Amino acid sequence: MAKAPKKKFTTASNPTGATVSAEKHLNSVFKFNTNLGQHILKNPLVAQGIVDKAQIRPSDVVLEVGPGTGNLTVRILEQAKKVIAVEMDPRMAAELTKRVHGTPQQKKLEILLGDFMKTELPYFDICISNTPYQISSPLVFKLLNQPRPPRVSILMFQREFALRLLARPGDALYCRLSANVQMWANVTHIMKVGKNNFRPPPQVESSVVRIEIKNPRPNIDFNEWDGLLRICFVRKNKTIAAGFKSSNVIEILEKNYKTYLATTNTMIDDNANMTDVVKQKIETVLTETEFSDKRASKLDQTDFLKLLYAFHQVGIHFA
């Protein structure tokens, strides 16, 4: 019987030499699951560029999301105190474990097996991710909402998603995601990454962005801010007033207003129609702020903050 070929894996001490051999082995063992966003970054120059942009300190704990075969991981391990890699696919986790086995970096790697969105994250200083595209938005918001958010995140996304993060009022791609993320963080574009830098190649081009969460954070409630933006951006090219005419929106705001009245012990007329009261308050705020006929696609953070403050002044809340 023919002797099985010897397996070769890239080690942290030799991060590029055996990469092709390792991935050829993986291709023969199992197929990459593109439904899970398994597009392995194969270009060592791009991988090193991403790690360099993170400006890792020797004392840093780095969280890597979706390490795959470890082409980023082995480079991060050379610079960081510790790497916490969150991997959903047990096959990938096993291959990554083999890849660093017997190297000085083995003790510096911790693998958390499971869904990133359901994983309770320990403390980390930096996040690096070749992000599975289907969790792009949830991943960003999970990072933004960490009790102790990372100092910096270097994240690879589908090109259009990255451009949405960067879009400004008036841009075609400006949306709720843009306005939301830019309230809590500074976002910059790092590099474009063509589809041929991956195995297997995805159907879209990619971009790497740098996200630095603002410190101190803006002194507003995240859920209130997001609640307002959800309404305004339901039809971002329609008027702001149009978004507030939905019966579902009125119902939610009426419920919130009743809660506000109860918590503040505010007396109201028992004969008052609460739906009409809320509608009148909405109309008053939109008229006085002069945002009634404006469009969300043209408004910036200052505009939305002004609108949120005006609604709070009349007891209308969004969370």
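The values are calculated or read from the model by the stated rules, or taken from the named source; none is laboratory data. Predicted model, so just to flag it, every value in this text is computed and none were measured. Using ideal geometry, Cβ is built from the backbone for each residue, glycine included, and neighbour counts are taken over all protein chains shown. Just so you know, the surface numbers come from the protein's heavy atoms only, side chains and all, with ligands and any DNA or RNA stripped out. Shrake-Rupley method; radii C 1.70, N 1.55, O 1.52, S 1.80 Å.
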Exercise for the section: Tell me which of these E224 doesn't satisfy, since it passes every other one: (1) under 30 Å from Y309 (Cβ atoms); (2) touching a strand residue (DSSP E or B) at 6+ places or on another chain (Cβ under 8 Å); (3) not hydrophobic (A, V, I, L, M, F, W, C). Expected result: (2)
Problem - Any chance I50 is crowded, with 17+ Cβ neighbours inside 10 Å, closer than 24 Å to I213 by Cα and more than 19 Å from the chain's Cα centre (by Cα) - result: no
Problem - Positions within the range 275-313 being over 23 Å from S178 (Cβ atoms) and charged (D, E, K, R), in sequence order - result: D276, K279, K281, E283, E288
Exercise for the section: Pick out, from the range 106-208, the helices (runs of 4 or more DSSP H) lying fully within it that include 1 or more residues that are among the hydroxyl-bearing types (S, T, Y) and either out of contact with any Lys or Arg (no Cβ under 6 Å at 6 or more places or on another chain) or at pLDDT 95 or above (or both). Expected result: 136-144, 176-184
Practice task
Consider only pairs whose beta carbons are under 7 Å apart and that are at least six residues apart or on different chains; among these, list those whose first residue lies in the range 154-170 and is over 17 Å from V204 (Cβ atoms) and open to solvent by less than 30 Å² (accessible area, probe 1.4 Å) and whose second residue is in a helix (DSSP H, G or I) and not small (G, A, S).
Solution key: I154/I50; I154/K53
